[in-house]
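A.B. asks: This is the structure I have questions about; it appears just below.
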Amino acid sequence: MRLCYGLQKAYGFDRVMGHREILKVATENGRFAVTGSAGDGLRPGSPADVLVLDWAALSAELVEPGASPVGLLLARGVKKHIRELYVGGRAIVAKGAVTSVDLPALEKELLSQLRARFHTSSDIKAAMPELTAALTKHFRGAFYCG
């Protein structure tokens with residue numbers, strides 16, 4: 001939604017999509033793109049996807065109190081603002097964390113597997129002087145813009 005918003009508000013487009021059209025693209029058209037069904041809206045007992053945002057965090061730096069909530073979401077919304085996410089009625093994110101993934105355990109397991117497979121980093125250490133020289137040459141070169 002942010003990408004669509006950013007692209008559509010740029011100068012040079014013949015047609016600029018407003019907030020309503022962008023929300024429709026993300027919700028109605030998004031459902032159709034994923035499921036092939038236009039659906040019949042929210043009804044009791046039907047599967048639903050619900051996103052709960054942290055409004056306090058999203059609007060923390062808001063200068064103009066009357067700003068459009070949807071406009072603010074489109075301009076600033078990022079993953080850190082997601083508090084809860086339900087897909088088909090099932091909790092996917094709770095308190096800002098994915099419920100079905102134990103990230104610390106996954107990171108520990110990945111590190112364990114890497115250590116078991118790669119007993120040493122001597123090949124990387126051996127390549128470092130050449131890599132350092134190439135990077136130094138690039139970043140000190142005439143065409144570097146930094």
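A.B. asks: Identify, from the list 141, 96, the residue that is of a type in the set (Gly, Ala, Ser) and touching a helix residue (DSSP H, G or I) at 6+ places or on another chain (Cβ under 8 Å).
C.D. replies: After applying the criteria, what remains is 96.
A.B. asks: From 58, 85, which residue is surrounded by 13 or more Cβ atoms within 10 Å (Cβ to Cβ) and within 18 Å of residue 27 (Cβ to Cβ)?
C.D. replies: 85
A.B. asks: Does residue 105 satisfy the criteria of being among the aliphatic types (A, V, I, L, M) and in a helix (DSSP H, G or I)?
C.D. replies: Against the criterion (among the aliphatic types (A, V, I, L, M) and in a helix (DSSP H, G or I)), residue 105 qualifies.
A.B. asks: Looking at region 25-45, I want the residues that are under 25 Å from residue 8 (Cα atoms) and have a partner that is modelled with pLDDT of 75 or more and of a type in the set (Ser, Thr, Tyr) with Cβ atoms under 8 Å, at least 6 apart or on another chain. Which pairs are those?
C.D. replies: Pairs found: 31/37.
A.B. asks: Let me ask something else about it. Being over 17 Å from residue 1 (Cα atoms), modelled with pLDDT of 90 or more and either polar (S, T, N, Q) or in contact with an Asp or Glu (Cβ under 9 Å, 6 or more places away or on another chain) (or both), is that true of even one residue in region 52-68?
C.D. replies: Within region 52-68 (the criterion being over 17 Å from residue 1 (Cα atoms), modelled with pLDDT of 90 or more and either polar (S, T, N, Q) or in contact with an Asp or Glu (Cβ under 9 Å, 6 or more places away or on another chain) (or both)), the answer is yes, since at least one residue qualifies.
The values are calculated or read from the model by the stated rules, or taken from the named source; none is laboratory data. The structure presented is a predicted model; accordingly, all values stated were derived computationally and were not measured. Cβ sites come from the backbone with ideal geometry, for glycine too, and all protein chains shown count toward neighbours.
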